[in-house]
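Below you'll find the structure, written out as structure tokens, and then a few comments.
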Amino acid sequence: MSITFAVRGEYIQLDQLLKATGLCDSGGAAHAAIAEGRVRVDGAVDTRKRAKMRPGQKVGFAGEVVELTAEEVA
């Protein structure tokens, strides 16, 4: 399954992204998943909790893929 997420501003931290998309219930759960190597960024395992995720990147976790897009400015 694929989720599209619009990034406000320049980036969103990886742990915040997992919470914002509902893939993790809490920041603690997001930190644990990242530390355990269960999160992939652009196909590679990333264990940096506060990695800056920018539009164009893809994050994989728990069978889901989150595609990051730039938020449209009105």
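The numbers here are math on the coordinates, done by the rules we state, and not lab data. What you see is a predicted model, and the numbers here were worked out from it, not measured in a lab. Cβ sites come from the backbone with ideal geometry, for glycine too, and all protein chains shown count toward neighbours.
Just give me the residues in the range 10-23 being touching a residue at least 40 places away in the same chain (Cβ under 8 Å) and outside any strand (DSSP E or B), in sequence order. Scanning the range 10-23 gives Glu10, Tyr11, Leu14, Leu17, Leu18, Thr21, Leu23.
Hey, can you tell me all the residues within the range 46-60 that are closer than 18 Å to Glu71 by Cβ and surrounded by fewer than 16 Cβ atoms within 10 Å (Cβ to Cβ)? Please lay out each step first, then the result.
Here is the first cut: in the range 46-60, the residues closer than 18 Å to Glu71 by Cβ are 52-59.
Lys52, Arg54, Pro55, Gly56, Lys58 - these are the residues of the range 46-60 that are closer than 18 Å to Glu71 by Cβ and surrounded by fewer than 16 Cβ atoms within 10 Å (Cβ to Cβ).
Does Ala35 satisfy being out of contact with any strand residue (DSSP E or B) (no Cβ under 8 Å at 6 or more places or on another chain), on the phi > 0 side of the Ramachandran plot and surrounded by 11 or more Cβ atoms within 10 Å (Cβ to Cβ)? Spelling it out, it is not the case that Ala35 is out of contact with any strand residue (DSSP E or B) (no Cβ under 8 Å at 6 or more places or on another chain), on the phi > 0 side of the Ramachandran plot and surrounded by 11 or more Cβ atoms within 10 Å (Cβ to Cβ). All conditions but one from (1) small (Gly, Ala, Ser); (2) farther than 19 Å from Thr4 by Cα; (3) surrounded by fewer than 12 Cβ atoms within 10 Å (Cβ to Cβ) apply to Gly43; the one that does not is (2).
To keep it simple, each residue is scored yes or no on (1) assigned to a loop (DSSP other than H, G, I, E, B); (2) touching a Gly at 6+ places or on another chain (Cβ under 8 Å).
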{"site": "Ile3", "(1), (2)": "no, no"}
{"site": "Asp25", "(1), (2)": "yes, no"}
{"site": "Ala30", "(1), (2)": "no, no"}
{"site": "Ile34", "(1), (2)": "no, no"}
{"site": "Gly37", "(1), (2)": "yes, no"}
{"site": "Lys49", "(1), (2)": "yes, no"}
{"site": "Gly56", "(1), (2)": "yes, no"}
{"site": "Val66", "(1), (2)": "no, yes"}
{"site": "Glu72", "(1), (2)": "yes, no"}
